[in-house]
1. How about A:Lys95: which lysines have a C-alpha closer than 17 Å to its C-alpha, ignoring those fewer than 8 places off in the same chain?
2. In nm, give the distance between the simple-model label positions of A:Ala152 and B:Leu90, each being 7 Å from the Cα along the Cα-to-Cβ direction.
3. Please work out the Cα convex hull volume for the protein assembly as shown and give it in Å³ per residue.
4. Can you tell me the FRET efficiency between B:Thr13 and A:Glu270 if r is taken as the Cβ-Cβ distance and R0 is 45 Å, rounded to the nearest 0.05?
5. Under a point spin-label approximation (7 Å from Cα along Cα-to-Cβ), what is the B:Val21-A:His180 distance to one decimal in nm?
6. Let's test the formula: R0 of 30 Å, r as the Cβ-Cβ distance of B:Glu101 and B:Phe32. What FRET efficiency results, to the nearest 0.05?
7. Which aspartates and glutamates have a Cα lying under 12 Å from the Cα of A:Lys126, excluding residues fewer than 8 positions away in the same chain?
8. Applying 1/(1 + (r/R0)^6) with R0 = 30 Å to the Cβ-Cβ distance of A:Thr170 and A:Arg31, what FRET efficiency is obtained, to the nearest 0.05?
Amino acid sequence: MSTPSEELAAQLLSVVRSFEPECNKIHDLTRLSGGASQEMWSFRLTDDANGPACVLRRQPPERGGESTGTKLGISLTDEARLYTRAAEQGVPVPKIRHTLAPEEGLGEGFIMNHVEGETIPQKILKSESLAPALPKLARQCGEVLPKIHSIALDGLEVLPRLDAETVWRTYRDLYDQCGHPNPVFEYAFRWLEERLPRDHAMTFVHGDFRHGNLMIGPDGLRAVLDWELAQVSDPMQDLAWICVPSWRFGRIQNPVGGFGRREDLFEGYEATSGTKVDVDRVRYWEIFGSLRWGMMCRSMYTMFASGQDRSVERAAIPRRVSETEIDLLRALLQES
Amino acid sequence: MQDPPSPEELLKTVHDFLMNVALPKLEGHDAFHARVAANSLAIVLRSMSLSPEQDELELGRLRDLLGQEGDLMSLNRELCRRIRDGEIGLESEALQQHLWETTLAKLAVDQPKYASYRDEIGA
């Protein structure tokens, strides 16, 4: 009787041989942390521990093969296309080796080259080996964003078009559905509605560009990950989300991801794009970002209460609403 | 009357078991979940200790702010309605003060180690 991972290794081998014909065995197939329905596995192509390695991301066939998109994002197949487009623009991303086809029997997903580095913010901020990279990281992030924003949109009709008003309305509706009174959120919704950016640029936007989705090495930014929330929206959103206090992981004195200054992020952006950063719009989106993360935490209570997910984690996250409330008050009522 | 240990003592014991006995023996996701579970117990303990007085203070502030009677839920709903409908100005100092105090009280229970909170209280 073979184990699930032995079966997967056998299925994987024939697929891998289509782009690596020399490979005759899948080595060290290991399940990495992943979401509830999506799987992430790493494996080596040879028995050399320092040799080439790949990552498989997939939605297995028994869980409804085709991912028509997660609750919020695009399908894995479309995400793979985005990685390829991003690479064409010079954005550092893992190289896609193969997109899964239904007849291969592995479900939906893709195989990419493994990139060496760290993504966990708490580790990055405390690491001795990565410490020299941190001072240049904000600027590197600023330099990479215009490349993301200039990704051509033809053939990407699957991406949602979300102007500022649509995004505001989406989270307002979510708040109303939750049906629980949060006066600080009400205050923020009104404040933001009075300052909605109008007629702003609409470009390709990463949508989740923050500390936690960046692969960091001693040389700095190695790869931009997690493109499933990609959308057409205000590019200033991407400059703001990475500055939301929730993503500073305790180092609140460094607005950019807990590691850098806004000045460096903006300078990097302006140098690469040749355009000026709209500071007022970035501030709008940064404040909106705390409200957005707060509402995401809040809405997880619905999943918990409905019985859909009774994990300790799902139960604990809604108690993080108060973190976003204090960040909103600090931003709205103080010059912070 | 119930026998000792008190509810607080029971919760504290379970919290300490999770952190000191269970957690060192667990790996990966299970370890993470054990830590979250212990943290949830700590929230309950702080809530038992702080919320009764905090809720009383909040109720008093809401009654003053809104000029009406009610329980916490109904008064919070009314406050939200007034903010949403523009009946109370965003620049109202009484409103702002109420929101600050309510939020600081929440964090004292939910996450007293949160960096923004510690910065605010000067810790």
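1. Partners found: A:Lys147.
2. In this crude spin-label approximation the distance works out to 4.1 nm.
3. 187
4. With a Förster radius of 45 Å, E is 0.20.
5. Between B:Val21 and A:His180, the label points sit 3.2 nm apart.
6. Approximately 0.35, to the nearest 0.05.
7. Those aspartates and glutamates meeting the cut-off are A:Glu118.
8. After rounding, the FRET efficiency stands at 0.35.
Read the figures in this text as sums done on the coordinates, not as results from a lab. Predicted model only: the values in this text are computed from it and were never measured. Cβ atoms come from the backbone with ideal geometry, glycine included; neighbour counts cover every protein chain shown.
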